[in-house]
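Below you'll find the structure, written out as structure tokens, and then a few comments.
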Amino acid sequence: MREVYLDYSATTPVKEEVVNEMIPYYTQLFGNPSSLYAPGLAAKAGLDKARTQVAELINAEPGEIFFTSCGTEADNWVLEGVADALKKKGNHIITTNIEHHAILHTCQYLEKHGMEVTYLEVDGEGFVSVEDLEKALRDDTVLVSIMMVNNEIGTIQPIKELAAVAKKRGVYFHTDAVQAIGNVPVDVKDLDVDFISMSAHKIYGPKGIGALYKRKGITIPNFIHGGAQEKKKRAGTENSAGIVGFGKAAELAKAGLDKHIAHSSELRAYLWERIEKDIPNIRLNGPADFTKRHPGNLNVSFDYIEGEAILLRLDAYGICVSTGSACSSGSLGTSHVLDAIKVPVTKANGAIRFTVGDFTTKEDIDYVADSLKKIVELLREMSPVNGMEGW
Ligand SMILES: *Cc1c(COP(=O)(O)O)cnc(C)c1O
């Protein structure tokens with residue numbers, strides 16, 4: 001049986017070049033980067049190089065990169081940190097209703113602790129409007145946090161325009177760019193943003209390592225307290241191997257960006273072409289203009305059947321996809337993102353997210369499209385609501 005992984009937005013395999021770069025940091029260069037003898041200094045040199053590699057991916061200065069344990073930590077840190085640092089100025093944060101749970105659940109936590117949060121609504125394709133942001137800004141707004149690329153439906157926000165509106169009012173702008181780096185060009189100087197969250201495991205790097213970009217000159221409190229690591233801003237002995245792996249993954253992502261975008265978009269377009277041709281009664285969720293969408297993302301609803309049932313049958317064919325988002329599997333209810341773009345519940349239940357990536361081939365797509373056709377036909381035959389009005 002063929003094995004096809006089409007869930008690159010959940011996580012990616014670690015590229016061999018990345019693994020090879022990491023291994024010596026477990027075995028030979030294992031010194032504590034804070035130690036002053038040679039093996040410690042060698043480990044420290046690895047961290048410095050990686051910091052430069054990650055900075056270069058987003059056109060930042062190495063001193064503006066702070067390594068964290070994951071993208072989620074970077075999101076938590078910036079929201080809680082800015083809320084704390086600016087509490088004299090105000091207690092209002094603006095975000096959107098399609099953010100990752102790393103943002104949404106942190107906002108809910110902050111609401112319990114006296115913050116007020118405005119959740120901007122999005123249009124039918126998941127776009128935030130610049131005018132809506134303009135109207136939501138208040139004198140007591142301390143932070144705007146809007147994700148750059150949505151993890152479920154792939155929508156790429158006009159971050160530069162949105163950040164400019166916040167800047168005009170003197171309000172910090174953060175973007176969760178976990179799905180953006182390595183998939184679309186990200187240049188912090190051009191975007192003119194203050195904070196960016198990143199993660200390695202979505203760009204062919206290891207799990208358990210992320211980073212926060214914090215514009216030079218901005219101070220926020222520490223999130224993890226302890227030693228003097230990360231310029232005394234993020235304590236805890238550094239995950240040297242993870243950081244070095246993140247650095248290498250960032251270097252590869254930067255060098256291969258155009259090729260990655262071309263390859264992913266081509267296969268994603270081919271998958272959509274095959275699904276559209278072979279399977280009736282479907283709905284594309286997210287931007288119809290594929291240039292405004294994550295290059296590997298396709299989110300499709302199949303009428304009359306459950307996404308979960310499709311997922312499990314695809315799994316039996318050796319195919320990995322996700323329903324809604326991986327982070328919400330196991331929780332009841334439909335995806336908050338599909339809700340936000342007003343996909344009717346019946347159709348949201350039948351949604352599958354496919355994400356292609358660097359190791360996907362045309363043969364993989366043919367196999368997935370053939371299997372999917374069979375599975376959808378079978379499940380629809382069994383479905384009591386097949387062909388029913390209102391589904
Ligand atoms: C995966 C993801 C995160 C969380 O990153 P982790 O490193 O897994 O904690 C945050 N935001 C978005 C948009 C993501 O896709």
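The values are calculated or read from the model by the stated rules, or taken from the named source; none is laboratory data. Keep in mind it's a predicted model, so treat the numbers as computed, not measured. Virtual Cβ from ideal backbone geometry, glycine too; neighbours counted across all protein chains shown.
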Kindly state which helices (runs of 4 or more DSSP H) lie completely within region 1-74 and contain at least 3 residues that are in contact (Cβ under 8 Å) with a residue 12 or more places away in the chain. 16-22, 38-57
For the structure I just gave you, tell me whether Val149 is under 23 Å from Asp358 (Cα atoms) and within 16 Å of the ligand (Cβ to nearest atom). yes
A careful count of residues in region 1-30 that are farther than 30 Å from Glu363 by Cα and surrounded by fewer than 18 Cβ atoms within 10 Å (Cβ to Cβ) gives 6
Subset of region 210-223 that is closer than 13 Å to Thr72 by Cβ and either more than 8 Å from the ligand (Cβ to nearest atom) or modelled with pLDDT under 95 (or both) - its residue that is surrounded by the most Cβ atoms within 10 Å (Cβ to Cβ): Ala211
How about region 98-132: which of its residues are of a type in the set (Gly, Ala, Ser) and either loosely packed, with under 14 Cβ neighbours inside 10 Å or part of a loop (DSSP other than H, G, I, E, B) (or both)? Gly114, Gly124, Gly126, Ser129
Which of the residues that make up region 194-208 are under 17 Å from the mean Cα position of the chain (by Cα), part of a loop (DSSP other than H, G, I, E, B) and more than 8 Å from the ligand (Cβ to nearest atom)? Ile203, Tyr204, Gly205, Pro206
Looking at Gly226, is it in contact (Cβ under 8 Å) with a residue 24 or more places away in the chain, at positive phi and not polar (S, T, N, Q)? no
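Here is a yes/no grid of residues against (1) among the hydroxyl-bearing types (Ser, Thr, Tyr); (2) modelled with pLDDT under 95; (3) more than 16 Å from the ligand (Cβ to nearest atom); (4) under 30 Å from Val18 (Cα atoms):
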residue	(1), (2), (3), (4)
Val54	no, no, no, yes
Ala60	no, no, yes, yes
Ile65	no, no, no, yes
Val78	no, no, no, yes
His92	no, no, yes, no
Asn97	no, no, no, no
Collect the residues in region 170-193 that are crowded, with 24+ Cβ neighbours inside 10 Å, part of a loop (DSSP other than H, G, I, E, B) and either of a type in the set (Asp, Glu) or near the ligand (Cβ under 10 Å from one of its atoms) (or both), keeping them in residue-number order. Ala177, Val178, Gln179, Ala180
Regarding region 28-41, can at least one residue be identified that is within 25 Å of the chain's Cα centre (by Cα) and not small (Gly, Ala, Ser)? no
Selection over region 254-286 where residues are surrounded by 21 or more Cβ atoms within 10 Å (Cβ to Cβ) and either over 17 Å from the mean Cα position of the chain (by Cα) or part of a helix (DSSP H, G or I) (or both) yields a count of 6
